[in-house]
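Here's the structure we're looking at; comments come further down.
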Amino acid sequence: MDLRFSDAEIAFRQEVRDFLAAELPEETRRHMIAGKSPTKRMVVDWQRRLDARGWAAPEWPVEHGGPGWTAAQKYIFREELQMWPAPSPLGFNINMVGPVVIEFGTAAQKARFLPRMKSLEDWWCQGFSEPGAGSDLAGLKCRAVRDGEHYVVNGQKTWTTLAQHADWIFLLVRTDPEAKKQEGISFLLCDMKTPGITVRPIITIEGGHEVNEVFFDDVRVPAGNLVGRENKGWDCAKFLLGNERFGQARVGASRERIRRLKTIAKNTYDQGRPLIEDPEFRRQVTEMEVELKALEMTVMRVIAGETKRAGTGKPDPATSVLKIKGTEIQQGVSELLMKAAGPYAWVDGDPDAEGANDWDVAPDWAFGLAGVYFNWRKQSIYGGSNEIQRNIMAKAFLGL
Ligand SMILES: Cc1cc2nc3c(=O)[nH]c(=O)nc-3n(C[C@H](O)[C@H](O)[C@H](O)COP(=O)(O)OP(=O)(O)OC[C@H]3O[C@@H](n4cnc5c(N)ncnc54)[C@H](O)[C@@H]3O)c2cc1C
């Protein structure tokens, strides 16, 4: 297998870069370089620009508005976005619920939901995890009872990312409490404006509002919003989780952070010389780069269909390798950024904010590094914790 990009792929990369240079608002780019999550306004604005170009849903089939790219083009596109950095198309819409509706949904559901997911007229969030049902997701208890033309939902979801922005939530609910765990679950689409839904914020360690608890109290969901068959929602969940893991390799994002790390290390002095000249620091950065190269090769092998189960439609266990290595590298780089920042690493906030000059002992680049470091501890937990990914690998590769 040839892992180099062809001339046409190199030209495509340039096309993506030209588009980013022309279209991405500078405010969004600056915000992301500072390590902050883009605001809702930034994400919506950017996804609409991508949609106008036909690039909002890279993985979708052409008949539903996908661009018809090869696997390598999809990879290049995502990598360029992450390296720029620019917001990715909203994962909940494009990589999670969209593909589920395409694979399992009815014609009416596809016509109703897919165009609005793509243009981000509807912001979706993921209602899978519950208190007591994270790693053991199939143990979920949120209950849906059929009542005429509706399901009546009662229960709680938790860690629901950006539910405060969401217009819709896709839900795993228990529709048959008597059946074996995986067999009594259904997949529902629920309008967040339905009476009976309460969203409560969970504030994360760095002070951000990214995750929420979502409570359902006699929430009536039209039966037409069931995706796939009743009690067969676990098939949708497995399909979705495979896609979710693939997206967590984030090679471009790590490359952007390493680039930033090197710039900082060139401008930070340790005992009179730039940190980048310190042999131990150089070794650590190089080790990260080597790991990242190996990860990139593995991603390429997965997208080239070289790994076990690729092309079978079943979740490829190799995506667990991508999830583990991708998140370890991102966390490792965020640690090195903290080391490079040294005593300034704790400084947080916005260098442009009013009163920020109070911190003028700290260089601008140090702002936000601690926040990112703490926030990124989440990466080895969400999308199925890294321990769970190791269990999947032990079973799939080693037959344990
Ligand atoms: C920032 C963030 C955002 C999230 N966003 C969403 C979202 O939008 N929607 C959503 O539905 N969920 C979301 N999640 C939830 C996420 O999927 C769960 O946190 C994750 O699956 C782990 O579940 P848990 O938190 O219940 O931990 P537990 O399952 O209780 O696990 C606790 C610890 O025990 C370990 N462990 C558990 N079982 C095993 C085992 N069998 N073998 C070895 N080790 C084990 C785990 O690895 C972990 O370290 C998010 C989580 C975070 C942190």
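Observations, loosely collected:
- Our coupling estimate for region 96-101, obtained by passing each phi through the Karplus curve with A = 6.51, B = -1.76, C = 1.60 and θ = phi - 60°, is 10, 6, x, x, 5, 5 Hz, Gly and Pro reported as x.
- Mean separation of Cα contacts under 8 Å (6+ apart) over length of region 1-70, as relative contact order %: 14
- Close amide H pairs (under 5 Å, H built 1.01 Å from N) link T158 with S129, E130, V214, residues at least 5 positions away or on another chain.
- The portion of the accessible surface of the chain made up by carbon and sulfur, rounded to a whole percent, is 52 (1.4 Å probe; DNA, RNA and ligands excluded).
- Highest to lowest packing among 364-373, 259-268, scored as the average C-beta count within 10 Å: 364-373, 259-268
- Modelled FRET efficiency - R0 35 Å, R116 with A396, Cβ distances, 0.05 increments: 0.45
- Modelled spin labels at V62 and R48, positioned 7 Å past Cα toward Cβ, are 2.9 nm from each other.
- Summed residue charge, Cβ within 14 Å of R257's Cβ, Lys/Arg positive, Asp/Glu negative: +1
- Mean projected area in nm² (Cα convex hull; one quarter of hull surface) for region 139-197: 4.4
- Dipole axis of region 188-313 (+1 Lys, Arg; -1 Asp, Glu on Cβ), positive-most option in C190, V290, Y269: V290
- Nearest-ten-degree value, helix 279-303 long axis tilted from longest Cα axis of the chain: 30
- Zone of K180's modelled label, taken as backbone nitrogen in region 132-157 under 17 Å from a point 7 Å along Cα→Cβ: 137-140
- Label zone at I10 (point 7 Å along Cα-to-Cβ), backbone N below 15 Å, region 68-87: none
- Phi angles of region 239-252 translate, via the Karplus equation with coefficients 6.51, -1.76, 1.60 and θ = phi - 60°, into HN-Hα couplings of 4, 5, 5, x, 5, 4, 5, 4, x, 8, 5, 6, 4, x Hz per residue; Gly and Pro are given as x.
- Gap separating the Cα centres of region 33-69 and region 93-116, nearest whole Å: 16
- Electrostatic dipole magnitude of the chain [Cβ: Lys, Arg +1; Asp, Glu -1; Cα centre; debye, to 20]: 1000
- Mean residue ellipticity, 222 nm, helices only, the chain: the sum of -39500 (n - 2.57) across DSSP H runs of n ≥ 4, divided by residue count and rounded to 500, is -14000 deg cm²/dmol.
- Note that the chain presents 47 Å² accessible area per residue, ligands and nucleic acids not counted, probe 1.4 Å.
- Relative to its residue count, the chain spans a Cα convex hull of 155 Å³ per residue.
- Charged neighbours of R17, selected by a Cβ distance under 12 Å, balance to -4 (K, R count +1; D, E count -1).
- For H150, distant residues with modelled amide H under 5 Å away: A223
- Sum of side-chain charges, T194 neighbourhood, beta-carbon under 15 Å (Lys, Arg +1; Asp, Glu -1): -4
- Phi to ³J(HN,Hα) by Karplus 6.51 cos²θ - 1.76 cosθ + 1.60 over region 129-134, Hz, x for Gly, Pro: 5, 9, x, x, 9, x
- The stretch between E149 and T70, if pulled fully straight at 0.36 nm per residue, gains 24.3 nm over its current Cα-Cα span.
The values are calculated or read from the model by the stated rules, or taken from the named source; none is laboratory data. Everything numeric here is computed off the predicted structure, so don't read it as measured data. So basically every Cβ, Gly included, is an ideal-geometry build from the backbone, and we count neighbours across all protein chains shown. All accessible areas refer to the heavy atoms of the entire protein, side chains included, with ligands and DNA or RNA removed. Shrake-Rupley method; radii C 1.70, N 1.55, O 1.52, S 1.80 Å.
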